[in-house]
1. So what does ASP32 come to for accessible area, using a 1.4 Å probe and Å² rounded to 10?
2. Could you size up the charge dipole of the chain around its Cα centre, putting +1 on the beta carbon of Lys and Arg and -1 on that of Asp and Glu, and report it in debye to the nearest 20?
3. Keeping all protein chains in place, calculate the accessible area per residue for the chain (probe 1.4 angstrom), answer in Å².
4. Rounded to the nearest 500, what is the chain's calculated 222 nm mean residue ellipticity when only DSSP H runs of at least 4 contribute -39500 (n - 2.57) each, over all residues?
5. So, taking all protein chains as they sit and a 1.4 Å probe, how much accessible area belongs to GLU223, in Å² rounded to tens?
6. Which residue, LYS74, LYS168, LYS145, has the most motion in a Gaussian network model of the chain that connects Cα atoms within less than 10 Å?
7. For LYS73, give me every one of the lysines with a C-alpha distance below 27 angstrom, ignoring sequence neighbours fewer than eight places off in its own chain.
Amino acid sequence: MAIFSYEQLDELGDGLIRQYLGKESGTAFCVDIEGFVTDFLHLPLLYRSFAERDTDKIGFISDGITPLLIYEKKQATPIVYEKGTIVIERFLRQEPESGRRRFTISHEGAHFVMDRTVPQASFHREFDSQRVYSPAEIKDLFSFKEAMIDRLGAALLMPQFILWNVMKAFDAPEHIPIYGDSVLRVSDRLLIQEMANAIGASFAAFLYRLKELGILQRHDISEYIVGELGIGTGGDA
């Protein structure tokens with residue numbers, strides 16, 4: 001797998017989605033990520049109930065050799081899928097899981113783009129803050145390769161040009177203030193949620209994408225306490 005900078009991954013994601021959308025690129029708000037992986041990348045996409053012991057595993061792209069444990073007739077059954085087949089945990093098809101489903105599909109699509117020939121099977125995992133991970137699992141979960149694939153996955157699902165389309169439509173400012181690492185004004189939080197809904201991403205994923213692209217402008221938390229809450233220096237007695 002080639003090594004790319006994050007800027008190159010963003011450009012690659014933009015280029016792929018622009019090519020997929022064609023003339024619709026100028027007005028598009030949301031990527032049909034299922035159509036992208038099936039019609040543009042020509043990868044089979046299946047939904048199955050995973051029977052893997054590791055419940056963090058919610059997405060899989062096959063190398064044609066490694067079996068995936070799924071439930072068939074209520075029995076855990078190892079299945080070897082055709083090389084390049086993307087398998088997504090079935091429960092993600094529920095409407096409340098739309099954001100997670102779309103990001104998981106884009107992550108597996110990014111694996112295919114980065115590896116191109118899919119030399120090894122790969123899972124998409126979710127980090128569980130309540131779980132105790134082994135050193136090997138931590139290394140795998142937060143490897144540089146996975147970081148690059150996550151960045152490309154985000155660039156496929158939320159390419160910069162679509163993000164600009166959405167921001168323009170919602171009359172969003174070029175920079176949105178964030179206080180400390182996570183505090184937002186109520187009006188800005190609502191704006192971000194509306195834009196996330198339009199682009200088809202979860203609030204958390206969209207917020208992180210705004211951080212990646214430098215759209216969130218960091219301010220000291222004291223500015224929020226004084227300016228927004230009116231507490232402390234400059235506030236009413």
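The values are calculated or read from the model by the stated rules, or taken from the named source; none is laboratory data. Quick caveat, the model's predicted, so the values are computed rather than measured. With ideal geometry, Cβ positions are generated from the backbone for all residues, glycine too; neighbour counts draw on all protein chains shown. Surface accessibility is based on the protein's heavy atoms, side chains included, excluding ligands, DNA and RNA. Shrake-Rupley method; radii C 1.70, N 1.55, O 1.52, S 1.80 Å.
1. Approximately 80 Å² of ASP32 is accessible to the 1.4 Å probe.
2. Numbers: 25 positive and 35 negative charges, 138 e Å.
The dipole magnitude comes to about 660 debye.
3. Working: 12750 Å² over 237 residues.
Per-residue accessible area for the chain comes out at 54 Å².
4. Details: 8 runs with 96 residues, N = 237.
So the calculated ellipticity at 222 nm is -12500 deg cm²/dmol.
5. Taking all protein chains as shown, GLU223 has close to 90 Å².
6. Judging by the Gaussian network model, the answer is LYS74.
7. The qualifying lysines are LYS57, LYS83.
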